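Down below is the structure, laid out as structure tokens.
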């Protein structure tokens, strides 16, 4: 009798879901795709596999969307997502649908309600992560992104009741507990430092002695100070804000710069042009690259932009519609629909980038007039675009110019680089290089 009751409840649930989705099913009929779609699962089965397999599926969705005038729809089990690669349609959604889709909620197991984005260095604490590949915080951070990405793209893991019976849940809980405890400890220590005043005074004196300039405060110190100290943010609120800073700001600039270095190793002709520009701007004198130098690096700017066009660190973003919405094309998105703005696909839309859309050609950005502002959006677009995009591009250009000026970038010995072949990439919240950005640096004479 129990199994009969279970089957009856399942049937009723399926009928209710089908009735609730009647408007979305109608929408799917005119937003078709040519992907391998299964009953009940939709395209969910295509996300089974490695993080490289998941990125391959995302790129297939982008190509299919571009073949359908930049807009299509896919089912992820019982949820439908409109996918957009046309910049006109994308801009309309990004400016009018400000709520992020619920599919991104799994990140909140770590970040809570935090909302501020800034680099890792915001805590003002030397973690030593850059010199330790196996640092526990870094290892846990990377594993967390893998677990969240897998759960996001596998709808059978969306329900908390089901997820708690999987081994992923236990591991995710362990990771979150470790990372929150780690950050909470730092916050408590920073509060104590501020209260005592001794560490801050020593840091200021040391900075003034070294540079003659007043010392700056870390973002965490500013949060504590300007929120009113003990009367402002609670430790939990500071923890949530700090977690968002770590998640959003730790890797984006580094990943972008790393993709540039790999592309320079593959394209020696591009690297040589860039090196000649650096000589023209900086000369032979040994001085650091300054903010005043950056606007003069025209070709460097083009190299960075072309790399981020082909390999945006965040290849997709998701929004939801809180009401029925009609796009500029006249196509209607039903209330409660998830919308995937496919940045990777938008950057590869031949309608806006031409037939050589997959070719790495920095020259296309020299004196380029974009056909539409949202045709290029590596830092998203609209009111909720990345707050730190200017800082990110400046830091990337500074790092790249400093390295290329002193070193020639060549492929790693054990990796065969084909200049015309795309990089192997994977997706775990951000897009990264499968071969971990391995290159060689040869000192220039």
Scanning region 28-52 residue by residue, those in a helix (DSSP H, G or I) and at pLDDT below 90 turn out to be 28, 29, 30
When the residues of region 290-309 are narrowed to those that are free of Cβ contacts under 8 Å to residues at least 12 places away in the same chain and part of a loop (DSSP other than H, G, I, E, B), which ends up farthest from residue 149 (Cα to Cα)?
292
It is to be established whether one or more residues within region 321-328 are surrounded by 15 or more Cβ atoms within 10 Å (Cβ to Cβ) and in a helix (DSSP H, G or I).
no
Cross-chain or 6+ apart pairs with Cβ under 6 Å, region 310-331 first and without any contact (Cβ under 8 Å) to a residue 12 or more places away in the chain, then in a strand (DSSP E or B)
326/332
Residues 274, 238, 223: which one is in a helix (DSSP H, G or I), in contact with a helix residue (DSSP H, G or I) (Cβ under 9 Å, 6 or more places away or on another chain) and at pLDDT 85 or above?
274
Does residue 292 qualify as being on the phi < 0 side of the Ramachandran plot, in the same structural domain as residue 361 (by TED's automatic domain parsing) and under 22 Å from the mean Cα position of the chain (by Cα)?
no
Is it true that some residue in region 391-409 is over 22 Å from residue 262 (Cα atoms) and modelled with pLDDT under 90?
no
Among (1) modelled with pLDDT under 90; (2) surrounded by fewer than 20 Cβ atoms within 10 Å (Cβ to Cβ), where does residue 280 come up short?
(1)
Counting just the residues of region 77-112 that are modelled with pLDDT of 90 or more and in a strand (DSSP E or B), which one comes out farthest from residue 42 (Cα to Cα)?
84
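The values are calculated or read from the model by the stated rules, or taken from the named source; none is laboratory data. Computed from a prediction, not measured in an experiment: that's the story for all the values here. Ideal geometry is used to build each Cβ from the backbone, glycine not excepted, and the neighbour counts take in all protein chains shown.
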